[in-house]
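J.: The structure under discussion is supplied below as structure tokens; questions concerning it will follow.
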Number of protein chains: 2
Amino acid sequence: MSSTSRILCSRLRERIMSAEQAAELISPGANVGMSGFTGAGYPKAVPAALAERIRHHNATGGKPFRINVWTGASTAPELDGALAEVDGIEMRLPFQSDPICRGRINSGTMEYVDYHLSEVSQYAWSGFLGKMDIALIEVAGIREDGSLIPSSSVGNNKTWIEQADKIILEVNAQQNAKLEGMHDIYYGTALPPNRKPIMLTHPADRIGEAYLHCPVDKVIAVVETSAADRNSPFKAPDATSRRIAEHILEFFQREIEIGRLPKELLPIQSGVGNIPNAVLEGLDAGPFKNLTAFTEVIQDGMLKMLKSGTLGVASATAFSLSPDGIREFDENIDLYRDKIILRQQDISNHPELARRLGIIAMNGLIEADLYGNVNSTHIMGSRMMNGIGGSGDFARNGYLSIFVSPSTAKDGAISSIVPMVSHVDHTEHDVKIIVTEQGLADLRGLSPRQRAHAIINNCAHPDFRERLLDYFNRACASGRGMHTPHLLDEALSWHQRYETEGRM
Amino acid sequence: MSSTSRILCSRLRERIMSAEQAAELISPGANVGMSGFTGAGYPKAVPAALAERIRHHNATGGKPFRINVWTGASTAPELDGALAEVDGIEMRLPFQSDPICRGRINSGTMEYVDYHLSEVSQYAWSGFLGKMDIALIEVAGIREDGSLIPSSSVGNNKTWIEQADKIILEVNAQQNAKLEGMHDIYYGTALPPNRKPIMLTHPADRIGEAYLHCPVDKVIAVVETSAADRNSPFKAPDATSRRIAEHILEFFQREIEIGRLPKELLPIQSGVGNIPNAVLEGLDAGPFKNLTAFTEVIQDGMLKMLKSGTLGVASATAFSLSPDGIREFDENIDLYRDKIILRQQDISNHPELARRLGIIAMNGLIEADLYGNVNSTHIMGSRMMNGIGGSGDFARNGYLSIFVSPSTAKDGAISSIVPMVSHVDHTEHDVKIIVTEQGLADLRGLSPRQRAHAIINNCAHPDFRERLLDYFNRACASGRGMHTPHLLDEALSWHQRYETEGRM
């Protein structure tokens, strides 16, 4: 299939232009809704051309040229990196993982609003974030009637297309043409008071359409591209990841034995990264058959599980595959086509569905404290790492929330278990299970002091265990209050020590 | 109607006994599910008799007699107070507001598990909390077939009755007989993977039955009582409460003008207490007609709104009326019967419904920090006040989350706005609007540093404003990270100062 044949709508063929020409159509100060979720399905050409235009503009002086960038989640160097490099982003939401972006956020030269991924589209619809001027969306093709074949992520594309005044489309010839039909775009959304129940009761259910509606009149440019998604490689699971996976597997088997989980478990949500991927590999090696996933992202581990039959179906909003993973997917797409459904992120992460389906949520943590509060986003309380992503959507409303991390970081200089977290993303009310390579703490039904014992004994690294217990015991003895004992002048001292001495 | 005529089921009439006899049927160590929500519909006689039994037992030595108490939410001195007084509670969940309980929790002699109110019933069903031995439920009457007329709260009663091995019923002749028919008990609940959509799209919708099913064989005792609910008086709104209400009203009117709220608003949820009640009074004085409420609790303010027509319908799980309010309700019950629906708390607080209906959540805060994190539960980081209640259910999943508080407490010794909260119940991701008598901070779409300016300028008390700004400016200048600037050695210093000097 030649690249041109992917644009079947004659009216839109007339609007084909270069990325540079399209970039000229984006004005300084614009609110721009871009496609892209975990390095998949983001526009590949126009952001870079826009960055070049901004670089040129700023070099010639005058008022700085900056835009506001709203996406699905993280994108790639060609988008976040290129625009951040030229200081072209005024405000960024709702999630990013780009090193240059991160640098700007933490140096105070980029505003960043870190939202639950399920909520962004309703905030945009509600008008809470201001008017969206332009949407810049990658698609796998344009049909004769102007409707769009989504590419490797759906993210917020439905909302951006509906909300934007104008639309620029990138048609990427490298996206597998057989993606067509794998998407399920739900058009039953509305703002309250007009919302209706979402009639989905199983991860395999289709409740929408395979294509994105697109008002042809709003499309001001169509740009042809041919470039791969970011496709970051995964590291093979190390011993730490494998230990974490083992603890989770043992836990699942025990829960099944005592009748608190069905033998097919419940729909799995798995965060992105090497450890979640290792957990998936661990599940694949276990006795499970015909599991389901209702998650944000299809990683390599899920492809393997789909192929082996461990996983029967996976619903997500995006791929996030390694180069090996994308090769496997492309080569066996007929096998995967029927087992993967890609939805918009306000559906993949919807609280209604997370609660109804009873999601088992597995996400990473940066640090947890004695009482089960989890920090997923901030280094030492002030510096943003990536963002909360969908972890809050699933952890709060699902059936079980599991948070995983190695017990130490930076070669043992940092303990992932601290007296008090320096930032809270998941409160003590929302964290049910914490797992490190040391073990698993089951916090269900425990009071804060009981949780402290479970976390210190099961999750903390031996190098820090005694000091944590010492803090806890002295906090209990302080007489300041025994519900959540703390020493206010020491609670954040581990972080202070790291900042000044490089070790907690 | 005589008290006896409220027990129409002959098999259950045979099990009538005294409270003392019924209390003998509760064993040491039992998990006991009790009715009761915000001082309404709790058992009035058996807990006191059990407390007396425990007092006697403990006076004679031997292994202490303690039970685990699970309720809907807070109860009253006759339950929490009486049992805590004799040290009869080992573990308490999910919410309490009793001073004696609070003392035991904070002295470390009672375990307390503070859960989102929507989640408790699913945790009990899932088996996460252990087996429920006995349910102790107040009802307004027993029908011929053994089904139960709920009283002034529903709470977790449906789940307790289903889950408990044995049931003790208290039939309270002082509950208005015309409560019959006002309840809507939903029997479509299930554990995943068998959950179905909850087909409720308007607060007035009825999706269930007026009565609680009750397996007669499980009922081991029926106790007749005649006692009023706690019915705490409300204070008349003071100037501070009225200012807060004014700010919220202005905000609503502005949102309507710019089209971000319909003129009937969206269903209101209002926390319990004098300030929320003042906000309701403020709404009643405003231009609104035919509003709806989808909330936990019907307070006095809502009765007035229903009577005036400001409110068309109110859905809740319990009443929480003053003595004047209960008199008004009893005298005009025919007017209120058609406008009030009482549901179980897993429905009144359900994330699916909070999101679908687009709840406007209004709840109190103990303290908020510069970046919009809210502490609703802990005094100075360690001492439990009451609990998170349903605030998280509504704030996370609703359309707008509004948190309210006077800007100072303890005659100005405490600032409600602090550099860093000492405990987090609602994260920066979940807090949209903060209101004090000083003004309203609209945090939607703002980055953390932008939020800090909005909160300091609009919400902080002038006595603390400069010091907050000074902290913020020095944190920004520290070079530690500009996303959420903090000085780790000062972040909790305001709390420390209060603990040592009695002033922040």
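J.: Of the trypsin sites (Lys or Arg not before Pro) in region A:266-325, which ones lie in a loop per DSSP and count no more than 12 other C-beta atoms within 10 Å?
T.: A:LYS289
J.: Which residues' amide hydrogens lie under 5 Å from the amide hydrogen of A:ALA30, considering only partners 5 or more residues apart or on another chain, with H built in the peptide plane?
T.: Here the answer is A:ASN68, since their amide H atoms fall under 5 Å of that of A:ALA30.
J.: When N is the residue count of chain B, what does its C-alpha Rg come to as a fraction of 2.2 N^0.38 Å?
T.: Scaled against compact globular proteins, the figure is 0.99.
J.: At 7 angstrom along the Cα-to-beta-carbon line, where would the label on A:PRO215 sit relative to the other copies? Give the distances in nm, shortest first.
T.: 5.7
J.: Among DSSP beta bridges lying fully in region A:3-225, give the percent that are antiparallel, nearest 5.
T.: About 20 percent, rounded to the nearest 5.
J.: With each run of n ≥ 4 DSSP H residues scored as -39500 (n - 2.57), what mean residue ellipticity at 222 nm is computed for chain A after dividing by its residue count and rounding to the nearest 500 deg cm²/dmol?
T.: Helices in chain A give a 222 nm mean residue ellipticity of -9000 deg cm²/dmol.
J.: Can you give the extra length, in nm with one decimal, that the chain gains between A:TYR187 and A:SER107 once fully stretched, where that is 0.36 nm per residue apart less the Cα-Cα distance?
T.: Using 0.36 nm per residue and subtracting the Cα-Cα distance, I get 24.8 nm.
J.: Could you put A:MET91, A:MET384, B:MET420 in order, starting from the residue whose Cβ has the fewest other Cβ atoms within 10 Å?
T.: In order of increasing Cβ crowding within 10 Å: A:MET91, A:MET384, B:MET420.
J.: Efficiency by 1/(1 + (r/R0)^6): what FRET value for A:ASN194 and B:SER27, r their Cβ-Cβ distance, R0 = 51 Å, to the nearest 0.05?
T.: 0.45
J.: Cross-link candidates for B:LYS63: which lysines have Cα within less than 29 Å, leaving aside residues fewer than 8 places away along the same chain?
T.: Reachable lysines: B:LYS44, B:LYS131, B:LYS166, B:LYS218.
J.: I would also like to ask the following. Restricting to the protein assembly as shown, what percent of DSSP beta bridges are antiparallel, rounded to 5?
T.: Close to 25 percent.
J.: With charges set only on the Cβ (+1 for Lys and Arg, -1 for Asp and Glu), what does the dipole of chain A come to about its Cα centre, in debye to the nearest 20?
T.: Using Cβ point charges on Lys, Arg, Asp and Glu, chain A gives about 640 debye.
J.: A further question on this structure: Tally Lys and Arg at +1 and Asp and Glu at -1 over the other residues with C-beta under 14 Å from the C-beta of A:ARG11: what net charge comes out?
T.: That sum, taken over residues with Cβ under 14 Å, equals 0.
J.: What shape does region B:90-162 have by the C-alpha gyration tensor, where a ≥ b ≥ c are the square roots of the eigenvalues, rounded means a/c under 1.5, and otherwise prolate means a/b greater than b/c and oblate the rest?
T.: Cα axes put region B:90-162 in the prolate bin.
J.: Would any residue of region A:227-254 have its amide N under 20 Å from a label point 7 Å out along Cα→Cβ of A:ALA285? List them or say none.
T.: A:234-254
J.: With N set to the number of residues, divide the alpha-carbon radius of gyration of region A:247-501 by 2.2 N^0.38 Å and report two decimals.
T.: For region A:247-501, the normalised Cα radius of gyration comes out at 1.05.
J.: Roughly how many debye, to the nearest 20, is the charge dipole of region A:3-225 about its Cα centre, given +1 on each Lys and Arg Cβ, -1 on each Asp and Glu Cβ, and no other charges?
T.: 180 debye
J.: Please report, for B:ASP334, the nm distances (one decimal) from its label point, 7 Å out from Cα along the beta-carbon direction, to the equivalent points in the remaining copies, shortest first.
T.: 7.5
J.: Please state the equivalent ellipsoid semi-axes for region A:1-70: what are the square roots of 5 times the Cα gyration tensor eigenvalues, largest first, in whole Å?
T.: After scaling each eigenvalue by five and taking roots: 26, 15, 11 Å.
J.: Further question on the same structure: I'd like the orientation of helix A:462-477 relative to chain A: the angle between its Cα long axis and the longest Cα principal axis, in ° from 0 to 90, rounded to 10.
T.: 70 degrees
J.: Here is a follow-up. Calculate how steeply helix A:274-285 sits against the longest principal axis of the alpha-carbon atoms of chain A, using the helix alpha-carbon long axis, and give the answer as 0 to 90 degrees to the nearest 10.
T.: Long axis of A:274-285 versus the principal axis of chain A: about 80 degrees.
J.: Taking the alpha carbon gyration tensor of region A:3-225, what are the square roots of 5 times its eigenvalues, largest first, to the nearest whole Å?
T.: 27, 22, 15
J.: Nearest-5 percent of antiparallel DSSP beta bridges in region A:287-433?
T.: Percent antiparallel among DSSP bridges in region A:287-433 is about 30.
J.: If you line up the long axis of helix A:448-458 against the longest principal axis of chain A, both from Cα atoms, how many degrees apart are they, to the nearest 10?
T.: 90 degrees
J.: Mind jotting down the distance between the C-alpha centroids of region A:4-83 and region A:127-202, whole Å?
T.: After rounding, the separation between the Cα centres reads 17 Å.
J.: A further question on this structure: Roughly how many Å is it from the Cα centre of region A:449-504 to that of region A:212-279, as a whole number?
T.: 32 Å
J.: Also: Residues of A:485-495, mean number of Cβ from any other protein chain within 10 Å of their own Cβ, rounded to a whole number?
T.: Across A:485-495, the average partner-chain Cβ count within 10 Å equals 6.
J.: Mind checking which lysines have their C-alpha under 19 Å from A:LYS410, skipping anything on the same chain fewer than 8 residues away?
T.: Within reach: A:LYS235.
J.: In addition: Sorting A:GLU138, B:GLU119 on the 10 Å Cβ count, fewest up front, what's the list?
T.: Listing A:GLU138, B:GLU119 from fewest to most nearby Cβ atoms yields B:GLU119, A:GLU138.
J.: Take every Cα pair under 8 Å in region B:247-501 that's 6+ residues apart, average their separations, divide by the length, and report that relative contact order as a whole percent.
T.: 15 percent
J.: Based on the Cα coordinates of region B:301-385, what is the per residue volume of their convex hull in Å³?
T.: Considering the Cα atoms of region B:301-385, their hull volume per residue is 156 Å³.
J.: Follow-up. Run the Debye formula on the Cα coordinates of region B:388-485, all scatterers equal and no solvent, and tell me log10 I(q)/I(0) at q = 0.14, 0.24 1/Å.
T.: -0.54, -1.40
J.: Extension gain B:ASP470-B:LYS410, at 0.36 nm per residue separation less the Cα-Cα distance, in nm?
T.: Difference between extended and current length: 19.3 nm.
J.: Oh, and also: Kindly give the semi-axes, whole Å and largest first, of the ellipsoid equivalent to the protein assembly as shown, taking each as the square root of 5 times a Cα gyration tensor eigenvalue.
T.: Semi-axis lengths for the protein assembly as shown are 47, 31, 30 Å.
J.: Another question, then. With charges set only on the Cβ (+1 for Lys and Arg, -1 for Asp and Glu), what does the dipole of the protein assembly as shown come to about its Cα centre, in debye to the nearest 20?
T.: I would put it at about 320 debye.
J.: Using amide H atoms built 1.01 Å from N in the peptide plane, name the residues 5+ places from A:ILE89, or on other chains, whose amide H lies under 5 Å from its own.
T.: HN-HN under 5 Å from A:ILE89: A:ILE67.
J.: Another question, then. Nm distances between the label at A:GLU20 and the same-position labels in the remaining copies, 7 Å along Cα→Cβ, shortest first?
T.: 9.7
Values quoted throughout were computed directly from the atomic coordinates according to the rules given, and no laboratory measurement underlies them. Please read these numbers as outputs of a predicted model, since none were measured by experiment. Positions of Cβ are backbone-derived with ideal geometry, glycine not excepted, and every protein chain shown enters the neighbour counts.
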